[in-house]
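The values are calculated or read from the model by the stated rules, or taken from the named source; none is laboratory data. From a predicted model like this one, the values you see are computed outputs, not experimental measurements. As a convention, Cβ positions derive from the backbone with ideal geometry for all residues, glycine included, and neighbour counts pool all protein chains shown. The protein model used for the area step is the full one, side chains on, heavy atoms only, and it has no ligands, DNA or RNA in it. Shrake-Rupley method; radii C 1.70, N 1.55, O 1.52, S 1.80 Å.
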Amino acid sequence: MKEWYNAINQAQSVEQLEEIRIAVFGKKGILADEFAKMKSAPDEEKAQIAKDLNTHKANLTHELMQRKIVLQTLELEAKMKAEAIDVTLYGSNCEAGALHPVMETMDRIIEYFASMNFSVYTGTMVEDDFNNFEALNLPKYHPARDMQDTFYFKDEMLLRTHTSPVQIRTMMQTKPPIRMIAPGAVFRRDYDITHTPMFHQVEGLLVDEEGKVSFANLKFILEDFLKYMFGDVEVRFRPSFFPFTEPSAEVDISCVFCKGHGCRVCSKTGWLEVLGCGIVDPNVFKAVKYKNVSGYAFGLGVERFAMLIHQIGDLRSLFEGDIKLLEQFQ
Amino acid sequence: MIITRSWLNEWIDLSDISTDDLVKTLNSIGLEVDRVHSYSVPGKIIFGRVLECEKHPDADKLNVCKVDIGTSVRQIVCGASNVRAGLDVVVATIGAVMPNGIVIKPVKLRGVESEGMICSAKEIGLEDCQSGIIELDSSVGNYTLGQELSENPIFSDDLIEIELTANRGDCLSIRGIARDLSAAYDRSLKEINLEDTHEDKRIGIGRILSLSYEKDLNVNLRYKAVDLKNLDLPFVLKLRLAQIEEKRDTNIESLLLYVTQSTGVVLRAYNYSFFAGEEDSIAKIELIEDENGYACVHAKEKASTVGINQEEASKATDEEATILIEASYIPPDIISKQMSVCKIPSGPMYYRTSRGSEPELNQGLGFCLKLVEKYSASSIYGGNIELCDAYENKVVSVSKKEIDEIIGAVIDKAKITKILKNLGFNTSKSQADNFVISVPRFRHDIVNKQDIVEEIVRLVGIDNIPSKPFVLKEENRLKDDYFLFKKRSLYRHKGANNGFFESVHFVFDEKKTLNHYGFETTKEELELLNPIVNTLDTLRPTLLTGLLKATSNNKNNGYASVKLFEVGSVFSPLREESLKMAFVWSGEKEKESLLNGGKPSKIDFATFVQTLSNVIGGFELTQHTPTHKLAHPYQCAQVMINGVAAGELFRIHPEVEEAYGIDVTYVCELDFTILPFTLKTAKQYSKYQASYRDLSLLVPKSMSYSELKAVIDANKSEELIRFYPVDRYSDKSLGENVSLSLRFVLQSNDKTLEEEDITSSIDKILDGLKLNLGIGLR
């Protein structure tokens, strides 16, 4: 019997083990043989023989099971080993595209103002003189109306130089209170390292009852907005001048590159100009025939935001569909 | 506008204020500082005096000087042509490190000892304002021989460049900026005495000059006459003009420019003889309106256009002669309105007059004559000849409540009064909480309440106004344009997720190229008047040309596979704007990788269509012949979405591919408004198993699948829920036919279909195909 124990423990495969099982436990196996032999043994020994045989049967079954588990584990291991892959051969091979950084920045800006309960209005790119200039307190002789700055058409229409005409149109078509932003492409006749003839703006406007809208309100929303866009920056307001607002201010953030210590990007000042804003000039309300109202307005260039946020150096590269730039935003 | 601390200090005492503080204040009151440049002459460069000056024995161009440097007299060899005995000079002594790095050491120059160097402005790091060595004079202030230059504020100063907004013409002078700072720091301007103490001893100007005018031209003029003799510009004046990067041909023009820069008053100098009459009669100035509607100063000929330019022939020179000095003021709105009606060539003063020059003419003229007397041997005529318009200061009323409401904070009343007073506004007629403010003429930009509030805001400091959230009425502000933004966002994300890079291009394009490819561009009478370059001379009617150009650039940059999309506006010939979404896929299908053995296949029609449907959802393609010439004539389709034509999908014509230098390229341009953006509804679906049948049909090569499809659609049973081509095979044995395998999916809502149900459905279709198209199973 002992040799069968050895045979089980030395079996090298599940198949070999199966052969042993048949040889031991099969109908013509040695156990069946032994039990048969028992019949011819003396009666008084029968009980002892049967007991011994049953012990062997139980032990052999146990050994067989144990060996089977071992062999199965080894075989699975061998099978899996054969399936081994050099994982280091593979890496990111992204075939996805990406959103344009300017458009993605525009999305973030719109989402902020929409969540602050501003409406979105887009308007058209071809505009007339009244909506783009006259109604915005930009009288005919204002230097900003120079041919150098504006694209005109032969029929005296023009390409909007800012998205403010959308605000004028909205004010003429609806009644206060108004709480809106106007995102979109705008056009200036300028083409060099820091100017492109087309760029994008988001302008905002709030109009409510007279005496209700203050400069302090404007300060609140812009400080909050700039922190949302740029993270933990300092915000500074500087008095400035725009024909359509009074008082007016330019808004700076502490330089995102040098944290305000002064570097090439901020011309060593520690500050970056990012926004223009102010209290709506009474002449603008007069132009749209609004009475007894007050309001604030602000405007920003989306390309500038995108370039500062994503540290893009060349403005013109944004309009070339250059995959070298775009694939960095996958 | 460039200012220096020392120049500013002549008009307001800010010597106790640091430059950092000054810059901060300038910014906070709305005078934006663009740049600060500090300079200081290095140590061991001192004031000296040339005691003796003799020619070098062995060198024609060198002089041997004995120079008093306070503690001792040194021998210095100097090559400048303007060195002479008695001159006060700048001496770099032994050990001085010059700005260019050179260390001054004792040397022998052609055998003569030299212990130091007499310096030019450039050599000590200043602007090149004088040829030869610096000739010092009293204009630099008090100094002692041997004293270091760096102790003198002229030689150790800060240059501050301010970017002025268009409304602040009053700050286009040192005095103007000093006036604004006097309000910010609450301290008064320095008094400069302009009174003429010799007035009674002078010959009156009326004896030599008269002024006539034909009508009221809204101009203020004031003239002084001078017998000019030996005008010599002091060093500081020359240095400052060089610092502001200005240069004039004559001393008299330089002096006038310096005065204008200091005071803001626009000045001109005329040659008296230009106006002189016959024989002994006195000279006559006429003020007339010229043919363009501008006010002009005239003799027999035009001498100048007020506020715009001066004729060369009337200009005064430095020669000993009688000259007339004119101060002028013309309201900026009048001059810029006239310029917009009739543009004429303008001179350097126009920028100033169109933004508002200083209206108080004697501030400039008086200061100018003080300098003429100081720096020349001229004699001045008494009195002046002038023409003044009747002007009353504008009055603006504003209540304290209005000020507080616009600012959104309560501002102390006394503070408001003080700010206005320091800015030169008269508030004496104010009552209780109502300010009645008389606005001085130099602030032409102040016309209404909000202008007054702006003055208060900038001097209170915006940083000192606490932010306050606006309290608003809740309202649903989600309008149509917001949903358009969401739709754009959705499709743009889908485009990017399917491997396309978003691209943005100018809405301008080249007319010539577009017409060449058969696109109709903006009608001639509606066309751009002033395009920026020839290659961007019209509005684009398609997004495709921009995308093809970007494809070509990327190909040249080494990208074998280019996938781009754009959502943007295009314009019809009538200039109507519409929104399109376009895709381009050029070259290889994917990157080289282990997946494709480093040999990716080229993009094909089927893959392009498949990917596009991942972006835009379901659509059908119909045969299409486009109106333009970009498309491959045999691979061009119209995209139908829910039965509506939404755009074109095609391979680029091989000739166009060659012209752009690009590989095989597929494009699709769609009308963005037709892309669906509605909420989906779920249909009822069967709980029973679906059955599949594949049929291989023998179809003539020339037959369009759409014909087959139409027949199957007409003959299909209710149980046939879907069918689609899965294989197309041809070989020689099939001749002019192809084997087209279609898969049919059948399913019932009521039961699992039996074999006979399926057979009867399929048979009906086969019968239909036989009958209508004469085709059958392979």
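For the reader, a short list of remarks on this structure follows.
- Counting Cβ atoms of other protein chains within 10 Å of each residue's Cβ and taking the mean over peptide B:469-479 gives 6.
- For A:V186, the residues 5 or more places off, or on other chains, whose built amide H falls under 5 Å of its own are A:F199, A:H200, A:Q201.
- In the context of the full set of protein chains, segment B:52-159 has a per residue accessible area of 50 Å² (1.4 Å probe).
- Minimum 40 Å² accessible area buried by the other protein chains, segment B:484-516 residues, probe 1.4 Å, relative to alone: B:F485, B:R492, B:A496, B:F501, B:E502, B:V504, B:F506, B:V507, B:F508
- Minimum 10 Å² accessible area buried by the other protein chains, segment A:183-214 residues, probe 1.4 Å, relative to alone: A:F187, A:R189, A:Y191, A:P197, A:M198, A:L206, A:D208, A:G211, A:K212, A:V213, A:S214
- Residues with amide H under 5 Å from that of B:K315, placed H, sequence gap 5 or more: B:N271
- The B-A contact accounts for approximately 7700 Å² of buried accessible area, totalled over both chains at a 1.4 Å probe radius.
- Sites A:K57 and B:E592 - FRET efficiency at Förster radius 56 Å, r taken between beta-carbons, to 0.05: 0.30
- P(r) histogram, all alpha-carbon pairs of segment B:626-669 included - 5 Å bins from 0, percent: 6, 25, 29, 20, 11, 6, 3, 1
- Contact with the other protein chains removes 50 Å² or more of accessible area, compared with the isolated chain and a 1.4 Å probe, from these residues of segment B:452-467: B:E454, B:I462, B:D463, B:S467.
- For segment A:90-205, a/c is not less than 1.5, where a ≥ b ≥ c are the root eigenvalues of the C-alpha gyration tensor, and a/b does not top b/c. That puts it in the oblate class.
- Solvent-accessible area per residue in segment B:170-263 equals 44 Å², computed with a 1.4 angstrom probe and all protein chains kept.
- Segment B:366-417 - Kirkwood radius from inverse mean 1/r over Cα pairs (Å): 16.4
- Inter-chain Cβ neighbour count for B:522-530, averaged per residue, equals 5 (cutoff 10 Å, partner chain atoms only).
- Pair-distance distribution of segment B:469-611: all C-alpha pairs, bin width 5 Å, starting at 0; shares per bin in whole percent are 2, 8, 14, 16, 15, 13, 12, 8, 5, 4, 2, 1, 0.
- Segment B:1-105 - share of DSSP beta bridges that are antiparallel (%, nearest 5): 100
- Shape summary: segment B:74-137 maps onto an equivalent ellipsoid whose semi-axes, from the alpha-carbon gyration tensor, are 18, 16, 10 Å in decreasing order.
- Put simply, the amide H of B:D663, placed in the peptide plane, has neighbours under 5 Å in B:G587, leaving out anything fewer than 5 places away on its chain.
- Of the accessible area of the protein assembly as shown, computed with a 1.4 Å probe over protein heavy atoms only, carbon and sulfur atoms account for 49 percent.
- Per chain A, cysteines lacking a partner by the 4.7 Å Cβ criterion: A:C94, A:C277
- Estimated vicinal HN-Hα couplings, Hz - segment A:80-94 in sequence order (Karplus 6.51, -1.76, 1.60; Gly, Pro = x): 5, 4, 5, 8, 4, 10, 7, 4, 6, 5, 10, x, 5, 9, 5
- Rg(Cα)/(2.2 N^0.38 Å) for segment B:664-778, N = residue count: 1.31
- In the distance distribution for chain B, Cα-Cα pairs more than 36 Å apart total 68 percent.
- Whether the protein assembly as shown is rounded, prolate or oblate, judged on the alpha carbon gyration tensor where a/c under 1.5 counts as rounded: prolate
- Projected label distance in nm at B:S131 and A:C263, using a 7 Å step from Cα toward the beta-carbon: 4.7
- 37 °C / 0.692 mPa s Stokes-Einstein diffusion coefficient of segment A:125-262, Kirkwood radius on C-alpha pairs, µm²/s: 193
- For segment B:547-590, diffusion coefficient by Stokes-Einstein and Kirkwood Rh (Cα), 10 °C, 1.306 mPa s, µm²/s: 135
- In the context of the full set of protein chains, segment B:286-438 has a per residue accessible area of 46 Å² (1.4 Å probe).
- Averaged over the residues of peptide A:121-131, the number of Cβ atoms from other protein chains lying within 10 Å of each residue's Cβ is 3.
- Working from the Cα coordinates of segment B:172-330, the gyration tensor eigenvalues give, after taking √(5λ), semi-axes of 29, 20, 17 Å in decreasing order.
- By average C-beta atoms within 10 angstrom, highest first, the peptides B:456-467, B:577-588, A:159-170, B:343-354: A:159-170, B:577-588, B:456-467, B:343-354
- Vicinal HN-Hα couplings computed from phi for segment A:244-252 (Karplus, 6.51 cos²θ - 1.76 cosθ + 1.60; Hz; Gly/Pro x): 9, 9, 6, x, 10, 8, 9, 10, 10
- Residue by residue, segment A:102-107 carries 3J(HN,Hα) couplings of 5, 5, 5, 5, 4, 4 Hz when phi is fed to the Karplus relation 6.51 cos²θ - 1.76 cosθ + 1.60 (θ = phi - 60°); x denotes Gly or Pro.
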